[in-house]
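Report on the following structure.
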Amino acid sequence: MKKSPLFKYIAWSSAVFLLVVCFLLHDNIFDWIHAGVVIHRQHRQIERYEAQIKDLDRQIESMSTDRDTLEKFARERFLFAEPGDDVYVTGR
C-alpha cells in the first residue's frame, strides 16, 4: 500500500510543528509544566501562611482579652518577671 505525498507532507509538517512547540519556542511546553508546578507550590505556601495568620489572630485575641495569657507570653518570650520573682536564665 503506497502512501500519498499529501500524507507524508502532513506527517512531516506535524512532526516539525510539535518539535518547535515542545522544544524551540521561548514559551515551550516544559516551561508551562514548570510554571504549573511553581504555582501549585505557591498555593500550598499561601494556605500555610493563612493557617499561621489565623493562629496568630487567635493568640492576639487571647492576649488582648486575658491578662494571664499576656503575662505568660511576656514571661516566656521576653523573660519578664514581677518584682520579688527569682529568675534563673539558662542558655538557649
The helix 67-78 Cα axis meets the longest alpha-carbon principal axis of the chain at an angle in degrees, between 0 and 90 and rounded to 10, of 70
Note to self, the chain gives a 222 nm [θ] from helices alone (DSSP H runs n ≥ 4, -39500 (n - 2.57) apiece, / all residues, nearest 500) of -24000 deg cm²/dmol
Residues of the stretch 2-20 with backbone N under 20 Å of the label point set 7 Å from the Cα of Ala35 along Cα→Cβ are 18-20
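Looking only at Cα atoms, what is the convex hull volume of the chain per residue, in Å³?
Details: hull volume 19.0 nm³, N = 92.
Per-residue hull volume (Cα only) is 207 Å³.
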Computed over the chain: longest principal axis from alpha-carbon atoms vs helix 5-19 long axis, angle to nearest 10 degrees, is 20
In degrees rounded to 10, the 0-90 angle between helix 29-65 Cα long axis and the longest Cα principal axis of the chain is 20
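Since every read-out is calculated from the coordinates, none of them should be taken as a lab result. Only a predicted model underlies this, so the values are computations on that prediction, with no experimental measurement involved. Quick reminder, even Gly has a Cβ in these numbers, built from the backbone with ideal geometry, and neighbours come from all protein chains shown.
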